[in-house]
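Reading through the structure tokens given below for one structure.
The values are calculated or read from the model by the stated rules, or taken from the named source; none is laboratory data. Predicted, not measured: the structure shown is a model, and the values here were computed from it. Cβ atoms come from the backbone with ideal geometry, glycine included; neighbour counts cover every protein chain shown.
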Amino acid sequence: IHCTRCVRFAEEIAGMPEMGATGRGEHTEIGTYVEHAIQSEMSGNMIDICPVGALTSKPYQYHARPWELRKTETIDVLDAVGSNIRVDARGSEVLRVMPRLHEDVNEEWISDRTRFAYDGLRYRRLDRPYVRKDGKLAQASWDEAFQAIADKLKGAKGDRIAAIAGDQCDAESMLLLKELMASLGSHHIDCRQDGAKIGGGPRAGYIFNSGIAGIEQADAILIVGSNPRWEATLINARIRKQWWKGSGLKVGVIGPNVDLTYRADYLGAGPQTLKDVADGKHPFAQVLKDAANPMIIVGMGALARPDGAGVLALARKVADTYGMVRAAAGDDPGWNGFNVLHTAAARVGGLDLGFLPTKGGRDVAGILAGAEAGEIDVVWLQAADEIDTDKLAKPFVIYQGHHGDRGAAVADVVLPGAAYTEKSATYVNTEGRVQLARFASFPLGEAREDWKILRALSEKLGKTLPYNSLAEVRRRMIEVNPVFGEIDLQAPGDWGGFGDDTVALGDQPFESPVANFYKVDPITRASVTMAKCTDEILEAHDKERTGTDG
């Protein structure tokens, strides 16, 4: 079979021409030109497009027959794109993840991380509560775990209690945790685990306003502080699609200088270059000025830093200066090319719910500093693992999550929650699209859905939250923010003031928050497949470097 679909996919869609035909006539063979693993982050899609099954999924091979599996349409949460997927499971074990068509989000593709990291759901799982006794975590019943928390919170002052929501938290659990903290008198809550200086203002200031499909209307894109190839593979593929079809798309990059699989002009490394563009002093400013639909994509590498609010204000200035935002008028449908690219599936949902410090409350950095200084007595980690846990030696730490990762290691009480494939939940992707994840496999052991854990604990604390069903929780979410009632729609955000132009800009270069595409969270860090990809693709590629390639 020499249809060359895989060859065309590698070259045209993935942008990594690693496949080809060798030999002639009946001796022609399809394969890589040299013997090494395919390095594209989208290589797994070749499995789906192969018409004869010559290319198959190695992790799934020989594990099950398709008719043995329960197939569930749900959402991926390993990045902020919110790719639509189908999870095939047998009992409590996920055996395959495949893409589901959604033209406005992921089309028919998914990244290799989405497709192959599911084996991480089997390892390092929390399947029962734990309470720390004599310095060691010991198995406990739910009642014992709740009692340990109740004893610690009894009489505790609200200003000495804090909560941090992690990157894969569903909106339902964040709502209940926010209300539980409010009932305890705490204003120290934050969903921005990475410390990004966003939220609290207009929705347009923290979402991907043009929509992912809107990339196909852009004729000039400025990427700031982001490596979209690793942070949001499907968004990067959409940019490549617009470039590949000969639209004349021009791309400028301020930040990491990496191969994005399409032609891009490297403009500079840090905030000063962005300021030069905003002031019209950089040659790329003319490109933006001449564009009909200019776009800016601001990543967490630019916003999750001390001067992030200043960078955000500067990016807004670029958008205003070069007509990236215009209202609909006559035949013009309008355009909003100001885009924030998140890396966490939970971030936009948390911002929409207002899971932010209020009334003098502390943000993540303040919570950790207060914990280290002994000013915070209790810290609740809602699946928050991407923080400096060394600063949590003094406070009483409650960890609620599904993997025994960094947060669980320092916890005094561990409450086992359900992973994204094990619950019905709501997530909001980077473009502000509300999507529903559905129950695909059973939680392990005594693990429970996160909102149910919080509801049960609130009763134990005498602060009973008024929700007895998922439907009641979702009705409350809509009351808090009507956007949660607009399922699978990209609700536009109002344009307004955001960022802080009084913040002094630093001179440090922008760096991508994703250092390893295959290991970004507790699930991928527990995955054997992702570990092998790291060894065979990333580390093997680094070993091949001679020092002469820049």
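Summary table below
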quantity: Unique match (being within 30 Å of Asp320 (Cβ to Cβ), of a type in the set (S, T, N, Q) and not in a strand (DSSP E or B)) among Ser441, Ser512, Ser458; calculated: Ser512
quantity: Residue satisfying all of: in region 175-225; assigned to a strand (DSSP E or B), farther than 19 Å from Thr430 by Cβ and of a type in the set (A, V, I, L, M, F, W, C); nearest to the chain's Cα centre (by Cα) among these; calculated: Ile189
quantity: Strands (runs of 3 or more DSSP E) lying entirely in region 103-172 (those with 2 or more residues that are of a type in the set (Lys, Arg)); calculated: 130-133
quantity: Neighbours by Cβ (under 9 Å, 6+ apart or cross-chain): first from region 57-77, closer than 30 Å to Val434 by Cα; second of a type in the set (Phe, Trp, Tyr) and surrounded by 12 or more Cβ atoms within 10 Å (Cβ to Cβ); calculated: Thr72/Phe439; Thr74/Tyr420; Thr74/Phe439; Ile75/Tyr420; Ile75/Tyr427; Asp76/Tyr420; Val77/Tyr420; Val77/Tyr427
quantity: Filtered residues of region 72-83 (kept if within 17 Å of Leu121 (Cα to Cα) and not polar (S, T, N, Q)); calculated: Ile75, Asp76, Val77, Leu78, Asp79
quantity: Selected residue (criterion: farthest from Thr233 (Cα to Cα)) from residues of region 359-382 that are out of contact with any Gly (no Cβ under 6 Å at 6 or more places or on another chain) and in a helix (DSSP H, G or I); calculated: Ala373
quantity: Where a residue in region 178-193 is within 11 Å of Val379 (Cα to Cα) and its partner, wherever it lies, is part of a loop (DSSP other than H, G, I, E, B) and aliphatic (A, V, I, L, M), with Cβ under 8 Å and at least six apart; calculated: His188/Ile376; Ile189/Leu356
quantity: Criterion (of a type in the set (A, V, I, L, M), in a loop (DSSP other than H, G, I, E, B) and at pLDDT 90 or above) met by exactly one of Ala37, Ala89, Ala80; calculated: Ala80
quantity: Scan of region 18-38 for residues that are farther than 17 Å from Glu536 by Cβ and of a type in the set (Val, Ile, Thr), ordered by number; calculated: Thr22, Thr28, Ile30
quantity: Restricting region 464-502 to residues that are among the aliphatic types (A, V, I, L, M) and surrounded by 15 or more Cβ atoms within 10 Å (Cβ to Cβ), the residue that is nearest to Leu180 (Cα to Cα); calculated: Leu465
quantity: Residues of region 1-33 satisfying the condition of being touching a residue at least 40 places away in the same chain (Cβ under 8 Å) and of a type in the set (Gly, Ala, Ser); calculated: Ala14, Gly15
quantity: Answer from Ile189, Ile235, Ile254 - the residue that is crowded, with 24+ Cβ neighbours inside 10 Å, in contact with a Gly (Cβ under 6 Å, 6 or more places away or on another chain) and either closer than 25 Å to Ala285 by Cα or modelled with pLDDT of 95 or more (or both); calculated: Ile254
quantity: Residue in region 133-140 that is among the polar types (S, T, N, Q) and either closer than 23 Å to Leu489 by Cβ or touching a residue at least 12 places away in the same chain (Cβ under 8 Å) (or both) present; calculated: no
quantity: Single residue of Leu356, Leu351 found to be in a helix (DSSP H, G or I), within 19 Å of the chain's Cα centre (by Cα) and in contact (Cβ under 8 Å) with a residue 60 or more places away in the chain; calculated: Leu351
